[in-house]
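Input: a single structure, listed below in structure tokens.
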Amino acid sequence: MLESPIASARAVALDEAFELAARFRDLRYVQHPGYAIEAARAVGARVEFLAIEDNGEAIGFAAARLKTLPVFGFGLAYVHRGPTTIFAEGQFDADRWGRCVEALVRHYRPAGHLLRISSPLWCDEEDALTPYYRGLGFVRTPAGGRTIVMDLAPSLEELRGQLHAKWRSHLNKSLRADLTVTRSTGLAEFDRFQPLLANLAERKRFRTVQDACFFGAAAQHGGADDIVLHLAWQGDELVAGHVGTYTGDTAVYVLGANTPAGRDVRASYFLQWQVIEYAKSRGITFYDLGGIDPRANPDVYHFKARMGGREVAHAAQWELATGLVAPPLVRLAEKARAALSRR
């Protein structure tokens, strides 16, 4: 199973990381170098970018968040939805992916880190990976939630026909409301959108460190428009916003909020359709609507479920103790940090 030529992992600088990551169509936004930098910073970790190579030629890429446990000197190496291995015109190759994971194990074993990986595939697609995980000694942990994914290959007319009748009615209302849209990657525009998110968080009683300011900072790393803010305006009044990522073959809806005036004119429906058009114009073939929880957030679930996508589960996380560190110790440290961040 893992008898193919041995691959190796090489740490690379940020510029090379961006160049390498852009070559893979299974690059998920959580593996995007800009996002990885800010996500690591938010939890007091650091990020390492890795070119995975076979005889000096790249076959994969990974952004790993490294969090060292105080006193011990070792900790967690987390590759979230990676490594990426599908080139722009290629197909998924389980053997190549397994060789890349094996290279990550060899890279992190000397430091004794707990290695945690979740693949870029959906849960119903990753059965072919299980033998590779188990052959290397990984242990499976629960999958990481569910989402809805739209296939953007059909024409806009066909996609509109797939919308639930009620959703389409709200969209039609928004199109009659004389709304305009602006698109930006500038930090000032993300800052402008942040109060709408803050008002939503207060009303819904939730908190996240990955807010508009977070994604605005992530968007400043690198030159490509991989993290984009769409804003909806009614005249000179900002009424709604949408933060999306556009990496590999997939766009992701990561943040959205509107004002009372925006809700009256269905601005969120307007923005979603604008984003679909924009993603298709960039050759994006899938649109991940960014997570669902029918019980805790039924209104958002119905909004997304009526857009004509399919419901899928994120890939499971797999863990390998490469040294003395025990998985329960790492999880205890993570829970303690999460509890402190909520205070």
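Here, each number is a calculation from the coordinates, and none is a lab measurement. Just so we're clear, the structure is a prediction, and the values are computed from it rather than from any experiment. A quick note on method: Cβ atoms are made from the backbone with ideal geometry, for glycine too, and the neighbour counts reach across all protein chains shown.
Structure data summary
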item: Two-site FRET efficiency, Ser155 against Ala224, from Cβ-Cβ distance with R₀ of 35 Å, rounded to 0.05; result: 0.85
item: Förster radius 25 Å - calculated FRET efficiency between Asn297 and Arg263 (Cβ-Cβ, nearest 0.05); result: 0.95
item: Amide hydrogen neighbours beyond the local backbone of Phe74, cut-off 5 Å, H modeled; result: Leu69
item: Surrounding net charge for Val12, when Lys and Arg each add one and Asp and Glu each subtract one, Cβ distance under 15 Å; result: -3
item: Cα gyration tensor of region 169-234 - equivalent ellipsoid semi-axes, whole Å, descending; result: 23, 19, 9
item: Ala165-Phe286 pseudo-label distance in nm [points 7 Å out on the Cα-to-Cβ vector]; result: 3.2
item: Computed over region 274-318, the ratio Rg/Rh where both radii use C-alpha atoms and Rh is Kirkwood; result: 1.04
item: Kirkwood Rh, angstrom, region 148-312 [1 / mean 1/r, Cα pairs]; result: 16.0
item: Using θ = phi - 60° and Karplus 6.51 cos²θ - 1.76 cosθ + 1.60, couplings along region 282-299 (whole Hz; Gly, Pro as x); result: 9, x, 5, 10, 9, 10, 8, 7, x, x, 9, 8, x, 7, 7, 9, x, 5
item: Positive minus negative residues near His230 (Lys, Arg vs Asp, Glu; Cβ under 12 Å); result: -2
item: DSSP bridge pairs, region 66-185: antiparallel proportion in percent, nearest 5; result: 40
item: Phi-based couplings in Hz for region 188-202 (Karplus 6.51, -1.76, 1.60; Gly and Pro marked x); result: 4, 6, 4, 4, 5, 6, 3, x, 5, 5, 4, 5, 5, 4, 5
item: Relative exposure of His32, His164, His80, judged by other C-beta atoms within 10 Å (fewest first); result: His164, His80, His32
item: Residues Glu237, Glu19, Glu126, sorted so that the one with the fewest Cβ neighbours within 10 Å comes first; result: Glu237, Glu19, Glu126
item: Amide H within-cut-off set for Leu152, under 5 Å, with H built and near neighbours excluded; result: Phe286, Tyr287
item: Residue-wise HN-Hα coupling along region 114-131, computed from phi with Karplus coefficients 6.51, -1.76, 1.60 (Hz; x: Gly, Pro); result: 6, 9, 10, 9, 10, 7, x, 7, 7, 4, 6, 10, 9, 4, 5, 8, 4, x
item: The chain: radius of gyration over Cα atoms, expressed as a fraction of 2.2 N^0.38 Å; result: 1.02
item: Global form of region 160-206, assessed from the alpha-carbon gyration tensor, a/c cut-off 1.5; result: oblate
item: Least to most buried among Arg65, Arg203 (fewest other Cβ within 10 Å first); result: Arg203, Arg65
item: Rg/Rh for region 229-284, where both radii come from Cα atoms and Rh is the Kirkwood radius; result: 1.01
item: Share antiparallel - DSSP beta bridges, the chain, percent rounded to 5; result: 90
item: Unsatisfied cross-links (Cα-Cα over 22 Å) in the set Lys280/Lys304; Lys166/Lys204; Lys173/Lys304; Lys204/Lys304; result: Lys166/Lys204
item: Semi-axis lengths, Å, region 10-142, gyration tensor of Cα atoms, sqrt of 5 times eigenvalues; result: 21, 18, 14
item: Estimated translational D of region 106-193 in µm²/s (Stokes, Kirkwood radius over Cα pairs; 25 °C; 0.890 mPa s); result: 131
item: Residues Lys173 and Leu200, FRET efficiency given R0 of 22 Å [Cβ-Cβ distance, rounded to 0.05]; result: 0.55
item: Gyration tensor verdict on region 48-115 (Cα atoms; rounded if a/c is under 1.5, prolate if a/b is larger than b/c, oblate otherwise); result: prolate
